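Colleague: My questions will all concern the structure given below.
The values are calculated or read from the model by the stated rules, or taken from the named source; none is laboratory data. Owing to the predicted nature of the structure, the values given are computational and were not obtained by experimental measurement. Backbone-built Cβ (ideal geometry, glycine too); neighbour counts: all protein chains shown.
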Amino acid sequence: MPLENIRQLIAGGKGLLGGLAGGPPARPEAPGYASELVYSDGDQAADVVCTAGIWTKVWEYVVPAQELIAVGSGVLGDPHSQGLVDFLLVTVAPADLVGQYRVIAQNARETKRQTIFEKSSAIAHGSANTDKQAMLLIPESAVKVGEDSKITIEFKATATQTLDFDGATCVIRLPVTIYD
């Protein structure tokens, strides 16, 4: 048995989440293309109470059939090719929700999960900032998320607040690379 086949068996056969979800192999034959997920792509549409110090799921995207998605786009070391992240969640007060964002890849049953990145809300919102050098850049992650698996955003607030998730004031722009 070739060494590469042994490595694939040890890694679960198809990569972390593509294999768990029954999706395509982690190394697609066709090249991927850069895109982005936005607020309306997710299925979280109701207000959410974010308890201080507790990670709370605030948004979720389910990967469609026959797709494989990596969070981020472009390559590390080339900021001009990388995707720009923009998250802004607003309370019912209204005020910006303050705390930490975490982007997670997980299988459909939510039994296997891997954190892709975690950042402070102070640097995750770049719409008001026109300097791309100061914005949060995310290169393509090595973790691929297969069909029926999920890309989830969790938030840990510094104080308990209710997130006003009406879509009018909240911003979610998450760069991704899609493999069909």
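Colleague: Residue pairs, Cβ under 6 Å, 6 or more apart or interchain, first in region 88-103 and modelled with pLDDT of 75 or more, second among the basic types (Lys, Arg). List them.
Modeller: 99/156; 100/156; 101/119
Colleague: Okay, next question. Please indicate, with yes or no, whether at least one residue in region 27-35 is within 17 Å of residue 103 (Cβ to Cβ) and modelled with pLDDT of 90 or more. First the steps, then the outcome.
Modeller: Within region 27-35, the first condition is being within 17 Å of residue 103 (Cβ to Cβ), and the residues that meet it are 34-35.
Right, trim to modelled with pLDDT of 90 or more and you get 34-35.
Looking for residues that are within 17 Å of residue 103 (Cβ to Cβ) and modelled with pLDDT of 90 or more, one finds at least one in region 27-35, hence yes.
Colleague: Filtering region 35-54 down to residues that are assigned to a strand (DSSP E or B) and of a type in the set (A, V, I, L, M), which residue is surrounded by the most Cβ atoms within 10 Å (Cβ to Cβ)?
Modeller: Residues of region 35-54 assigned to a strand (DSSP E or B): 35-38, 48-50.
The next check asks that each one be of a type in the set (A, V, I, L, M); those that pass are 37-38, 48-49.
On the way: 37: 19, 38: 14, 48: 17, 49: 11.
Result: 37.
Colleague: Let me ask something additional. Assuming residue 57 fulfils every condition listed in (1) surrounded by fewer than 18 Cβ atoms within 10 Å (Cβ to Cβ); (2) outside any strand (DSSP E or B) apart from one, which condition is it?
Modeller: Unmet condition: (2).
Colleague: Another one. Name the single residue, out of those in region 142-172 being among the aliphatic types (A, V, I, L, M) and surrounded by 19 or more Cβ atoms within 10 Å (Cβ to Cβ), that is nearest to residue 46 (Cα to Cα). Break it down stepwise before answering.
Modeller: So the first thing to find is which residues in region 142-172 are among the aliphatic types (A, V, I, L, M), and the list is 142-143, 145, 151, 153, 157, 159, 163, 168, 171-172.
Filter once more, so that each one left must be surrounded by 19 or more Cβ atoms within 10 Å (Cβ to Cβ): 143, 145, 151, 153, 157, 163, 172.
Details: 143: 29, 145: 25, 151: 18, 153: 15, 157: 17, 163: 9, 172: 15 Å.
In this case the residue turns out to be 163.
Colleague: For region 56-78, indicate whether the set of residues that are more than 17 Å from residue 138 (Cα to Cα) and aromatic (Phe, Trp, Tyr) is non-empty.
Modeller: Going residue by residue through region 56-78, those that are more than 17 Å from residue 138 (Cα to Cα) are 56-68.
Next cut, aromatic (Phe, Trp, Tyr) only: 59, 61.
The answer is yes, given that some residue of region 56-78 is more than 17 Å from residue 138 (Cα to Cα) and aromatic (Phe, Trp, Tyr).
Colleague: For region 75-98, enumerate the residues that are under 15 Å from the mean Cα position of the chain (by Cα) and closer than 25 Å to residue 179 by Cβ.
Modeller: 82, 83, 84, 85, 86, 87
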